[in-house]
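Enquirer: Structure incoming, see below.
Every read-out reported here was derived from the displayed coordinates using simple, explicitly stated rules and does not represent laboratory data. For clarity, every value in this text was computed on a predicted model and none was experimentally measured. Note: ideal-geometry Cβ built from the backbone for every residue, glycine included; neighbour counts use all protein chains shown.
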Amino acid sequence: MNPAPKNIAVLGSSGSIGQSTLEVVRGLPREFKIVALSVNSDIVRLEQQIREFRPKLVCVGDPRQAVKLSARTGPGVKVLCGKSGLEELAQHKDIQQVMVAITGANALAPLISAIKSGKEVALANKEALVMAGSLVMRLASRHKVLIRPVDSEQSAIWQSLGDSGAENIRKIYLTASGGPLRTWPASKFKRVSVEEVLRHPRWKMGRKITVDSATLMNKGLELLEAMFLFGLGEDKIKVLVHPEALIHSMVEFKDGVTMAQLSVTDMRVPIQYALTYPRRLPNTIRGIDFYRLHKLHFAKPDLQKFPCLALAYQAARQLGTVPAVLNAANEACVEMFLERKIGFLSIAGIVEKVMRRHTRISSPGLREIMDADSWAREEVLRIAAGSKTMRVL
Ligand code: MG
């Protein structure tokens with residue numbers, strides 16, 4: 001007899017990772033049952049998902065939308081809303097596993113609530129770890145929760161590590177496709193448009209992360225993520241540009257052996273492994289055709305051309321509240337870039353200024369992290385407003 005399917009919640013179900021998670025679940029109907037879903041604002045998609053998966057609980061960002069939705073879905077579905085709704089959902093007693101696929105800092109509170117209630121946690125969001133990595137990992141170990149990474153690079157490190165601990169690692173190669181601007185000369189960066197940045201050659205992803213992959217801030221955030229997830233110093237993590245994006249990262253052990261994880265660029269691979277760990281289950285995703293693959297390329301990243309990566313290394317050396325400031329300033333800048341309020345180069349320029357103005361706290365609690373986060377966002381607005389009057393952006 002098959003065991004009962006595992007009850008899961010997908011936080012951020014309308015986003016790119018959320019939708020791919022539902023696709024994985026669709027392919028494994030005996031393994032999983034969707035019990036809860038959450039979206040920020042896309043209730044049209046949420047309603048489709050409710051019809052297909054029949055969850056018990058859903059959560060939306062806006063209270064007015066929640067009222068509308070609950071009038072339409074009837075009594076079978078409990079509709080929660082806002083931050084507190086999301087926290088309530090993440091710790092609900094009927095849920096065994098939580099996929100955290102919300103982008104940005106908003107994932108932190110529901111992640112903590114899932115960990116504290118001892119759920120199995122699959123984590124696709126990187127900002128929460130970047131902001132509050134020490135705190136999150138401390139909580140996870142206290143509640144005996146293994147955080148299963150979904151980010152393809154972290155999943156690759158996790159899979160390559162196997163049962164080995166951090167003490168056996170000599171270094172990690174965190175691979176980077178190089179993003180949509182890898183081959184562009186830096187002289188053209190000043191005028192690069194939102195559309196050009198959003199045209200990623202390898203991965204189809206959400207808008208925020210695609211901009212981050214153009215600035216290489218995405219790799220910087222992943223550097224911080226890897227430090228916390230695997231308990232490593234920043235000096236052991238090397239970013240390696242690998243445009244084919246087939247090797248998702250590698251671990252070099254102290255005996256000189258390197259283990260790598262390879263698969264096609266499809267987020268359903270790391271999503272499925274995070275959900276089914278430690279089992280590997282069949283799916284329809286093809287393998288790599290090595291007979292057709294003639295070459296793989298590798299290069300060192302250019303930190304002058306991509307200063308955001310250098311800023312992330314700086315934050316990784318300083319730690320404390322600095323990664324939270326880096327992350328929040330970047331998130332605010334990316335939003336302004338997408339709204340065409342600042343140019344591409346201003347993302348790194350403003351983040352650097354905000355970091356310089358920040359007074360670091362060395363072992364912050366959650367409150368201090370959240371304060372540093374909001375301070376950094378306000379500082380971005382102040383700098384942008386100031387520069388606008390001086391016409392330098
Ligand atoms: Mg990644």
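Enquirer: If you build the convex hull over the alpha carbons only and average its shadow over all orientations, what do you get for the stretch 296-353? Give it in nm² to one decimal.
Expert: 5.0 nm²
Enquirer: Looking only at the chain, where both bridge partners belong to it, what percent of the DSSP beta bridges are antiparallel (to the nearest 5)?
Expert: 25 percent
Enquirer: Quick one: which residues, 5 or more positions from residue 261 or on another chain, have an amide H under 5 Å from its amide H? H modelled 1.01 Å from N in the peptide plane, none for Pro or chain starts.
Expert: When sequence neighbours closer than 5 places are left aside, the close amide H contacts are 248, 249.
Enquirer: Still on this structure, please answer the following. Tell me the Kirkwood radius of the stretch 6-149: reciprocal of the mean inverse pair distance over distinct alpha-carbon atoms, in Å.
Expert: Result for the stretch 6-149 stands at 14.9 Å.
Enquirer: Moving on. Sum up the charges of everything whose Cβ sits under 14 Å from the Cβ of residue 280, counting Lys and Arg as +1 and Asp and Glu as -1, but leave residue 280 out.
Expert: With Lys, Arg at +1 and Asp, Glu at -1, the net is +2.
Enquirer: Rounded to the nearest 0.05, what FRET efficiency is calculated for residue 134 and residue 300 with R0 set to 30 Å and r the Cβ-Cβ distance?
Expert: 0.55
Enquirer: Show me, bin by bin at 10 Å from 0, the whole-percent P(r) of the chain based on Cα pairs.
Expert: Each 10 Å bin holds this share of Cα pairs: 5, 23, 33, 27, 11, 2, 0, 0.
Enquirer: Can you tell me the convex hull volume per residue for the stretch 1-87, based on C-alpha atoms, in Å³ to the nearest whole number?
Expert: With only Cα atoms used, the stretch 1-87 gives 88 Å³ per residue.
Enquirer: Can you give me the C-alpha center-to-center distance between the stretch 1-45 and the stretch 315-345, rounded to a whole angstrom?
Expert: 30 Å
Enquirer: If a helix is a whole DSSP H run, which ones in the chain reach 27 Å or further along their own axis (Cα) and hold a mean Kyte-Doolittle hydropathy of at least -0.5?
Expert: Qualifying helices, which must be both long enough and hydrophobic enough, are 366-390.
Enquirer: Longest span of the chain, sites excluded, free of chymotrypsin sites (Phe, Trp or Tyr not before Pro) in DSSP loop with at most 13 other C-beta atoms within 10 Å?
Expert: Within the chain, the longest run free of exposed chymotrypsin sites (Phe, Trp or Tyr not before Pro) spans 1-289.
Enquirer: Let me ask something additional. Quick one: if the Förster radius is 45 Å, what FRET efficiency do residue 359 and residue 291 give, using the C-beta to C-beta distance and rounding to 0.05?
Expert: My answer for the efficiency is 0.20.
Enquirer: Quick check for you: which residues of the stretch 85-103 have the amide N under 12 Å from the point 7 Å beyond the Cα of residue 4 toward its beta carbon?
Expert: Flagged as within label range: 94-96.
Enquirer: Here is a further query. What base-10 log of the normalised intensity I(q)/I(0) is obtained for the stretch 222-278 from the Debye formula, alpha carbons as equal point scatterers, at q = 0.16, 0.18, 0.26 Å⁻¹?
Expert: Each listed q maps to, in turn, -0.64, -0.81, -1.28.
Enquirer: Return one quarter of the surface area of the convex hull spanned by the alpha-carbon atoms of the stretch 141-233, equal to its mean projected area, in nm².
Expert: Seen from a random direction, the Cα hull of the stretch 141-233 projects 7.6 nm² on average.
Enquirer: Follow-up. Scale the Cα Rg of the stretch 235-356 by the rule-of-thumb value 2.2 N^0.38 Å and send over the ratio, two decimals.
Expert: Normalised Cα radius of gyration, the stretch 235-356: 1.36.
Enquirer: Pick out, from 210, 32, 326, the residue whose Cα sits farthest towards the positive end of the charge dipole of the chain, with +1 on the Cβ of Lys and Arg and -1 on the Cβ of Asp and Glu.
Expert: 210
Enquirer: Restricting everything to alpha-carbon atoms, can you work out Rg to Rh for the stretch 301-393 with a Kirkwood hydrodynamic radius?
Expert: 0.97
Enquirer: Just to confirm the filter: which GluC sites (Glu not before Pro) across the stretch 324-359 are DSSP coil and have at most 10 other Cβ within 10 angstrom of their Cβ?
Expert: For GluC sites (Glu not before Pro) across the stretch 324-359 that sit outside H, G, I, E and B with at most 10 neighbouring Cβ atoms in 10 Å, the list reads 339.
Enquirer: Treat the count of other C-beta atoms within 10 Å as a stand-in for reagent exposure and order 212, 235 from fewest to most.
Expert: Neighbour counts put them in this order, fewest first: 235, 212.
Enquirer: First select every other residue whose beta carbon is under 13 angstrom from the beta carbon of residue 89; then total the charges, Lys and Arg +1, Asp and Glu -1.
Expert: Once all neighbours under 13 Å are counted, the net charge is +2.
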